[in-house]
1. Assigning unit charges at the beta carbon (Lys, Arg +1; Asp, Glu -1) and nothing else, what dipole magnitude in debye, to the nearest 20, does the stretch 38-193 show about its Cα centre?
2. How large is ³J(HN,Hα), in whole Hz, for each residue of the stretch 139-149 in order, when computed from phi with the Karplus curve 6.51 cos²θ - 1.76 cosθ + 1.60 and θ = phi - 60°, using x for Gly and Pro?
3. Just to check I understand the Karplus step: with θ = phi - 60° and J = 6.51 cos²θ - 1.76 cosθ + 1.60, what whole-Hz values come out for the stretch 44-57, glycine and proline as x?
4. Quick one: net charge of T70's neighbours, Cβ under 11 Å, K/R +1, D/E -1?
5. What value does the stretch 38-193 have for Rg/Rh, both radii from Cα atoms and Rh as Kirkwood defines it?
6. Could you grab the relative contact order for the stretch 38-193? Cα pairs under 8 Å, six or more apart, rounded to a whole percent.
Amino acid sequence: MGEDDFFFSVDRSKQARWTGGERGERAVDGTGDSVERFRPDEHADSLPEVSLDRLAAAGVRGIVVDLDNTVCEYRRPELAPGVADWVRAARDRGFALVLVSNNFTERVASVGAQLEIPVVPNALKPLPFAFLRALKLLGTPRRATVVIGDQLFTDVLGAKLLGLRSVLTKPLVAKDFPLTRVLRFLERTIAGRS
């Protein structure tokens, strides 16, 4: 399986419509490769729905997971159903995991302790600094690392800026931080085009 075959959910016909089929060629709307920065490699309904078999088959060894609306509901301390089992199964299979969040240290550390994985709080995603710290904690190269989260403008964009793979999940609940609600509106606008 080649690197381009990592996930199969990317609709190549839509990619061709927007980019003319050639990477780097100017798109219909003049953006060229910038559209690709917002296109996740795969979609999943939730974190526990992400296939560990497919990740392993693709050569992934490091997993960066988001906190709010991916691992826990927004402002809730409880793990979403199936998350603890998925993380345990990933660790048992030899994956390295790290929790990266724009949230404050106390909340991120508390959830990381529940999952028994290292954390990078106050991440300022999509800026690369926290993702670079995560790579150091994971000990995996970029090509063997995936970011899993529920937001295009933080998780997917941050992953793409560093050449990491990405999986976009559906948010656990509709309730979000006010700025995130604005970003979700923009996400729907972009998703409608791609």
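Each reported figure results from applying straightforward, stated rules to the coordinates on display, with no laboratory input. In this text the structure is predicted, and so the values were computed from the model without any measurement. Cβ atoms come from the backbone with ideal geometry, glycine included; neighbour counts cover every protein chain shown.
1. Using Cβ point charges on Lys, Arg, Asp and Glu, the stretch 38-193 gives about 520 debye.
2. Karplus-based 3J(HN,Hα) across the stretch 139-149 equals x, 10, x, 4, 5, 10, 10, 10, 10, 10, x Hz.
3. Values, residue by residue: 8, 5, 7, 4, x, 8, 6, 6, 5, 4, 5, 4, 4, 5 Hz.
4. Values: positive: K170; negative: D66, D68, E73, D150, D155.
Taking every Cβ under 11 Å from that of T70, the sum is -4.
5. Working: Rg = 14.0 Å, Rh = 15.2 Å.
Ratio value, two decimals: 0.92.
6. Working: 282 pairs, mean separation 46.7, N = 156.
30 percent.
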